[in-house]
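First comes the structure, then the notes that go with it.
Bear in mind that the values in this text are calculations on the coordinates, not laboratory data. Keep in mind that this is a model prediction, so the values were computed, not measured. Neighbour counts run over all protein chains shown; Cβ positions are idealised from the backbone, glycine included.
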Amino acid sequence: MPKILVVDDEFKIKQLYKQLLLDEGFEVVEAGDSQTAANLLVREEGIRLILLDINMPVVNGSVLYKLIRMFDPAIKVVVTSAYPLEDQKARVVNADDYYDKTQGTQVLLEKVHHALKQEDHHATT
């Protein structure tokens, strides 16, 4: 199964997403800040999707997003934030999808599966 990197500074959110994804059969790595996420991105092979929080200490998710795109533009990124979707789209332009944390975990899973399906589709065309 695909490897997903969860980047969020809130411990409870990270644990919730991790368990949700593990239950779906995904391999999961996690980071509580942008620096750890950047290190994992370089060190861990096979990361195919990143769940990316925007509001984090020191380096926010919009800056990390730019780094991700420079490192590997093929990695799918779903922005996860408490900000309304329009605000997310303004802060992180051209992410693969956006998730408002109030939408519920089923919506998040649908967005993860959809992003990975898009990746599979592009790989076969």
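From the set of residues in the stretch 69-90 that are free of Cβ contacts under 8 Å to residues at least 24 places away in the same chain and either assigned to a loop (DSSP other than H, G, I, E, B) or touching a Cys at 6+ places or on another chain (Cβ under 9 Å) (or both), which is farthest from Thr36 (Cα to Cα)?
Pro84
Of all residues in the stretch 41-65, which are within 13 Å of the chain's Cα centre (by Cα) and not polar (S, T, N, Q)?
Leu41, Ile47, Arg48, Leu49, Ile50, Leu51, Leu52, Asp53, Ile54, Gly61, Leu64, Tyr65
Yes or no: the stretch 8-22 includes at least one residue that is within 17 Å of Ala115 (Cα to Cα), crowded, with 20+ Cβ neighbours inside 10 Å, of a type in the set (A, V, I, L, M) and touching a Gly at 6+ places or on another chain (Cβ under 7 Å).
no
Return yes when Lys66 is among the charged types (D, E, K, R), touching a strand residue (DSSP E or B) at 6+ places or on another chain (Cβ under 6 Å) and assigned to a helix (DSSP H, G or I) and no when it is not.
Working: among the charged types (D, E, K, R): yes; touching a strand residue (DSSP E or B) at 6+ places or on another chain (Cβ under 6 Å): no; assigned to a helix (DSSP H, G or I): yes.
Here the answer is no, as Lys66 does not meet what is asked.
Quick one: Lys66 ticks every box in (1) free of Cβ contacts under 8 Å to residues at least 60 places away in the same chain; (2) closer than 17 Å to Lys3 by Cβ bar one, so which box is it?
All conditions are met except number (2).
Looking only at the stretch 62-91, which residues are under 16 Å from Arg48 (Cβ atoms) and of a type in the set (Lys, Arg)?
Within the stretch 62-91, Arg69, Lys76 meet the criteria.
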